[in-house]
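Worksheet: one structure, shown below.
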Amino acid sequence: MGVKEMDFNRIIYPERAEYLNEGTFRSYKIFLNHWQTLSTKLKSNFEEALLRRVSKTLIVFGEQSSGKTLFANKITQDFIKTSQVSQGTTIDYDEGNIWHQIVSGFGKNVNLIRENTTNSALIQIEDDSNWVNKVKEFCKHNSSRTCLIIADNCERDYFVQGIRGMTDEQFLQIGRTQEMIVASAQRFVALCRTELRGAVIVMFTNDDIFALAFQEEVNKQHKGLVETTQMPMPGAREKETVVRVNTNRLNPFSYWYCLDRAGVPEKKNVFHTILSAKGFKEVFEAVDQAIQKASPTRIGRPPKKCLLTLFVLTNRDDIRGLVDSLELGEVEHNVNENQFIDVVTFKDGWTDLFDVGDQRKASLLKSEWNFRIVVAGNPFTSLLLSKQSPENAKAIIEKSLKYHGPGTQITTLDTYRAEFDGLVTICGRTPYIPLEQFWAAGQPRSSQYEQALREIFPGYNTNSTGFLSYRPDLVIEPYNVCELSLSPNDNDSSINLAIKRKSLVCEFTASKDLTLPSLQTYLNRKLSNYVEILEEQ
């Protein structure tokens, strides 16, 4: 992305499902859980058409932005994707593939997926008054296959006009009257018994009155040929997940960041829109409005983000001046200068130093996470590995991870620095152990310091709560996604609590010769996990 964070006070989101094939929206993630009942119904229709050679029609109706076109396109795309798997190549069942759900039989049978894909054909139609002739020709050329006909926006005139075979002028003279619907239903029955026999037809419309009227008239002629169902909508949490994840995947700042910058009325508007029966587009619009209306002073206020700390053991007896020599950019020393440990927090732009994929991902990560480096010299490493005073080693680590948010009182910070000074003096009082073999060990040295850390932190490298399949070395506070939908009401305090960021995690490493390139090499491997955490949940 060629723009910097907050160059535009708006978010990127697809206003229509048709736009998802464009490059800007290709990373949009489609969630299937709330479509399960619809997929199950289509699975039943497909199996009935396949086994009995009868036509089955399902009309799906729902309001705009309820996901009808998205679902229609997803069926088509997943069919094409599956059909492109070459013969002899193993097919793995894909939970995110609707076509797999429809044609896999009982028990997610991958052999059936291949067989049914080979023996099926699919055509998608929309806004084509000649659609009936095209579909008849399509079914004729695929007479040995089960044909699927996906018809979108059937409330438009093209659908009924196509069934009646009328020109635009002829149709405009009559219009879509009740008599026209009756005549179209009769013709539709005849088609399903002849040229379209054995086809699975799925119609999508935003006009429930038309859907129910067409169903009634068709079924008067052929009972059970047409069924109607409402487009399933997700619950509030599922809806928010879709919007949160895709805000994060499409923009250089996170969903949480948008809400944090917004004023109270905008946060409440997002909250109520999520809880309402409105669709995804309306929720995206509410989030866009929230960030758009953020005042300049609000945008300038640094929020208390999540905090990622890198704790580095290095082969120096005195670490004073080491961090500054790395030229990391604008940083804040959180503790008084001492020879044992330095604690440094980046002011801004910390992701510019590292490779996380691209500029958008770097800005996204920065919008949600602050970054800190703790550099500990040989006196602390000796204290940790000797296990002479594990309680003090633990206290020093915990104190170095203490997180003070924006606006913390100066007296509180002064007290913290004084307490830190008192703690680290133990590093100078504890007898040193030889560290030559430790530093000469290379990568295997990690097993030594990790064993010591595991003894003082039993949860070391075991907690993945909120981090998907990734396990940070040490989780002080787990990661929680931003969920306005969990707020019990729209009180200011409840809403602010629902979007509060509090995750604290720490990664440990040992670098014999600490340099900026060594830091970059280590963190470039780690940081992609934190981007994935934002873009996948």
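The values are calculated or read from the model by the stated rules, or taken from the named source; none is laboratory data. None of these values were measured; they are calculated from a predicted model. FYI the Cβ positions are ideal-geometry reconstructions off the backbone, even for glycines, and counts take in every protein chain you see.
Here are the numbers:
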quantity	calculated
Lone unmet requirement of (1) within 26 Å of the chain's Cα centre (by Cα); (2) under 27 Å from VAL475 (Cα atoms); (3) of a type in the set (Asp, Glu) for GLU282	(2)
Contacts under 7 angstrom Cβ, first residue in the stretch 123-134 being closer than 11 Å to ALA151 by Cβ, partner in a strand (DSSP E or B) and of a type in the set (Lys, Arg), 6 or more apart	none
Wholly enclosed helices (runs of 4 or more DSSP H) of the stretch 320-424 bearing at least 1 residues among the aromatic types (Phe, Trp, Tyr) and within 29 Å of ASN524 (Cβ to Cβ)	378-386
Residues being more than 20 Å from PHE354 (Cβ to Cβ) and surrounded by fewer than 16 Cβ atoms within 10 Å (Cβ to Cβ) - total across the stretch 312-327	4
Conditions (1) outside the structural domain of HIS141 (by TED's automatic domain parsing); (2) surrounded by fewer than 20 Cβ atoms within 10 Å (Cβ to Cβ); (3) touching a helix residue (DSSP H, G or I) at 6+ places or on another chain (Cβ under 8 Å); (4) not hydrophobic (A, V, I, L, M, F, W, C): number failed by HIS222	(1)
Filter result for the condition that a residue is within 27 Å of the chain's Cα centre (by Cα), surrounded by fewer than 18 Cβ atoms within 10 Å (Cβ to Cβ) and either at pLDDT below 95 or under 30 Å from TRP256 (Cα atoms) (or both), over GLU5, GLU95	GLU95
Test: LEU484 is modelled with pLDDT of 95 or more, in the same structural domain as ASP318 (by TED's automatic domain parsing), within 30 Å of ALA290 (Cα to Cα) and surrounded by 14 or more Cβ atoms within 10 Å (Cβ to Cβ)	yes
Selection count, the stretch 366-392, where residues are without any contact (Cβ under 8 Å) to a residue 60 or more places away in the chain, closer than 21 Å to ASN338 by Cα and among the small types (Gly, Ala, Ser)	2
Matching entry among GLU368, GLU330, GLU337 (being in the same structural domain as ASN529 (by TED's automatic domain parsing) and buried (at least 23 other Cβ atoms within 10 Å of the Cβ))	GLU368
Identity of the residue in the stretch 199-244, closer than 21 Å to GLU126 by Cα and in a loop (DSSP other than H, G, I, E, B), that ends up farthest from the chain's Cα centre (by Cα)	ALA199
Considering residues of the stretch 399-438 that are charged (D, E, K, R) and more than 21 Å from PHE346 (Cβ to Cβ) only, the residue farthest from the chain's Cα centre (by Cα)	ARG429
